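Working notes, structure below.
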Amino acid sequence: MSTVCSRRDLQFLLYEMLDAGGLAQRDRYAMHDRVSFDAVIDLAFRLADEQLQPHAAKSDVEEPHVVDGKVVQIPETGAALVQLRDAGFFASTVSEDLGGMQLPFTIGQACAALFKGANVSTTGYLLLTRAAANLLEAHGTEDQKRRYMMPMNEGRFFGTMCLSEPDVGSSLADIRTRATPRGDGTYAIKGNKMWISGGAQEISENIVQLVLAKLPDAPPGVKGISLFVVPKYRLDDDGNPGAWNNIELAGLNHKMGYRGITNCLLNFGENGETIGELVGEPHRGLIAMFHMMNEARIGVGLGATMLGYSGYLHALSYARERKQGRPLDGRDPTTPPIPIIEHPDVRRMLLQQKAYLEGGLALGLWCGMIVDNEKTAENQEARRHAKRLLDIITPVAKAWPSEFCLEANKLAIQVHGGYGYTRDFPVERLYRDNRLNPIHEGTQGIQGLDLLGRKAVMDDGACFDALSREIEVMASESEDAGFADEALAVRDAWREVGSALEATKVRLGEGRIAAALASATPFLNGFGHIVVTALWLRQAAIAGRALGNEVSTDDAAFYRGKIQAMRYMVAYELEPARAWLKTTADGDATVLETEPDWM
């Protein structure tokens with residue numbers, strides 16, 4: 001059995017909850033059917049189990065290092081990426097005319113989930129490349145697509161994004177990297193970039209760096225940021241890598257997790273000219289970069305889910321095999337020890353993990369379906385509805401799993417006891433990997449501000465209203481399936497989201513921005529909890545209806561587990577969510593009234 005993901009759960013979410021098989025009825029995906037979807041997923045499982053997971057621990061211990069200015073990595077990393085390339089996964093969702101499989105994004109998300117759960121570091125090279133290629137497809141010139149995007153689709157060139165700088169971090173308005181016109185349509189790039197995942201490696205033929213910089217006439221702030229494609233090697237007339245482009249590796253950052261992928265400090269134009277090409281319009285680079293960032297944010301949330309999911313499967317296996325102690329109701333020392341899964345507190349920890357992780361995977365795959373609907377739904381109104389859902393759900397899809405699936409990793413360690421924090425078991429590594437996710441691609445605080453200060457109130461609340469309709473549909477489904485009390489609990493909690501939002505609107509209207517947004521992160525957590533619980537209502541409704549039919553013993557246990565996890569979310573998780581929302585609704589001033597010198 002795979003320790004990356006439950007195949008039965010993945011099938012349930014794709015086909016019973018989301019009806020992903022129906023995507024083959026749409027024109028864009030008409031060359032596919034359920035059989036071809038399953039074949040791709042089977043291949044992804046095999047590559048995850050055989051090519052990615054086996055070297056995850058080794059790449060963590062033997063992390064990349066620099067020798068004579070070049071990165072040295074374990075050979076298994078490059079070998080696995082070759083396997084992914086040859087299988088077509090660098091372009092799995094890309095149109096056939098651009099060299100891809102033209103799979104639905106939902107199926108691509110499922111495959112990415114398996115790769116991330118198996119080895120999040122090695123997979124990072126692939127998914128950063130995919131996101132960079134998608135950006136160029138949306139914003140690049142035809143020439144840029146031919147010379148840079150197509151080799152990325154083929155897996156020959158890898159891609160990265162270069163946003164942050166030393167001492168700047170997430171405050172992109174303050175970036176200092178400059179782009180000076182060279183008079184031939186290209187630009188001389190000069191500056192320093194920090195925290196660049198995949199920014200240096202010797203695996204691919206070239207590295208396509210997407211760099212944020214400012215032109216000489218740039219207005220101040222984020223409105224003055226432009227985007228440039230800056231390759232590691234300049235291309236010759238035939239599109240092949242030629243002369244080095246003077247991008248210097250100043251050093252590697254040594255992280256607590258994600259150790260198998262390089263994370264770099266890069267210098268542009270320090271000792272020679274670094275040449276870049278403008279992508280899109282001048283001074284509108286951040287808008288273009290958000291195309292890649294939003295895709296990456298959904299990917300980060302999915303990765304956080306799968307790191308937690310793998311930890312859960314390891315903990316579940318350990319709890320079934322490890323024998324210790326006696327039942328609380330019969331502590332006879334002459335009886336044999338019992339598997340620790342029989343102890344109520346261990347079962348509580350496992351059920352909490354299950355609720356978070358299977359809920360998080362439902363969220364990530366639902367996002368995939370929303371993307372597919374935005375692109376391929378039958379009518380404009382359905383596409384507009386999907387766009388609104390995607391706008392408001394993206395910060396949740398990134399941040400909620402990053403917080404609560406990390407909590408699941410902590411519980412997986414706890415289930416293992418003392419063994420959990422040793423390298424004898426993978427759960428300590430999975431926790432370290434996952435701890436990065438609340439920070440990169442926009443911290444939890446940034447996602448909270450985006451949700452409460454922008455997404456939930458923009459377009460006169462149209463995005464929030466779209467999501468509210470979805471929540472109501474999920475509640476009605478569960479009510480019809482016999483879970484009326486649980487549906488009512490979710491409806492009541494969602495009304496509190498609306499109350500907190502209305503109070504925020506009043507404060508924003510009064511110009512009290514700090515007071516309005518001081519509790520943005522608790523709001524984000526509560527909001528996400530209720531969305532995931534609503535998704536659990538849908539899962540339980542499907543499970544309840546299935547149990548009304550004749551099913552196998554294994555399926556009966558599977559469906560009952562779904563219902564029980566939903567009940568856990570309602571009984572244990574809704575009240576904390578309501579408490580977090582209350583701080584926003586009340587405008588609690590504890591944080592604002594705390595002076596820095598009191599700390």
### Message
Quick check on region 461-536: what are the equivalent-ellipsoid semi-axes from the Cα gyration tensor, as sqrt(5λ), descending, whole Å?
### Response
28, 12, 9
### Query
Got a number for carbon plus sulfur as a percent of the chain's accessible area, 1.4 Å probe?
50 percent
### Message
Restricting to Cα pairs below 8 Å that are 6+ residues apart, what does the relative contact order work out to for the chain? Please round to a whole percent.
### Response
12 percent
#### Entry: Under Karplus coefficients 6.51, -1.76 and 1.60, residue-wise ³J(HN,Hα) of region 289-305 in Hz, glycine/proline x
5, 4, 4, 7, 5, 5, 4, 5, 5, 4, x, 4, x, 5, x, 4, 4
### Query
Do you know the Lys pair count in region 351-510 for C-alpha distances under 22 Å, with sequence separation 8 or more or different chains?
10
## Note on the structure
For region 480-599, the Kirkwood Rh over every pair of distinct alpha carbons, in Å, works out to 16.1 Å
#### Entry: LYS375-MET599 FRET efficiency (beta carbon distance; Förster radius 51 Å; 0.05 resolution)
0.60
### Query
Any idea what the relative contact order of region 480-599 is, in percent, if you count C-alpha pairs under 8 Å spaced at least 6 apart?
44 percent
### Task
Leaving ligands, DNA and RNA out of it, rank ASP143, ASP460 by accessible area with a 1.4 Å probe, largest first.
ASP460, ASP143
### Query
Roughly how tilted is helix 75-86, in degrees to the nearest 10 and between 0 and 90, from the longest Cα axis of the chain?
90 degrees
### Ranked order, TYR419, TYR15 - accessible area, probe 1.4 Å, largest first
TYR419, TYR15
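Rounded to the nearest whole Å², what accessible area per residue is found for the chain with the 1.4 Å probe? Walk me through the numbers on the way to the answer.
Numbers: 24310 Å² over 599 residues.
The answer is 41 Å² per residue.
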### Task
Report, to the nearest 10°, how far helix 458-480 tilts away from the longest principal axis of the Cα atoms in the chain, using its own Cα long axis and a range of 0 to 90°.
30 degrees
### In Hz, Karplus ³J(HN,Hα) per residue of region 251-264 (6.51, -1.76, 1.60; θ = phi - 60°; x = Gly, Pro)
x, 10, 8, 9, 9, 6, x, 6, 6, x, 10, 5, 9, 10
### Message
With a 1.4 Å probe and all protein chains kept in place, how do LYS354, LYS505 rank by accessible area, largest first?
### Response
LYS505, LYS354
### Label-point gap, in nm, between LYS70 and GLU273 - each point 7 angstrom along Cα→Cβ
2.7 nm
### Summary
The set of residues whose placed amide H lies less than 5 Å from the amide H of THR274, leaving out same-chain residues fewer than 5 positions away, is ILE189, GLY269
### In Hz, Karplus ³J(HN,Hα) per residue of region 402-412 (6.51, -1.76, 1.60; θ = phi - 60°; x = Gly, Pro)
4, 8, 8, 6, 5, 4, 5, 4, 4, 5, 5
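The values are calculated or read from the model by the stated rules, or taken from the named source; none is laboratory data. Predicted model, so just to flag it, every value in this text is computed and none were measured. Cβ atoms come from the backbone with ideal geometry, glycine included; neighbour counts cover every protein chain shown. For the accessible areas, the whole protein counts, side chains as well, though only heavy atoms, and no ligand, DNA or RNA atoms are used. Shrake-Rupley method; radii C 1.70, N 1.55, O 1.52, S 1.80 Å.
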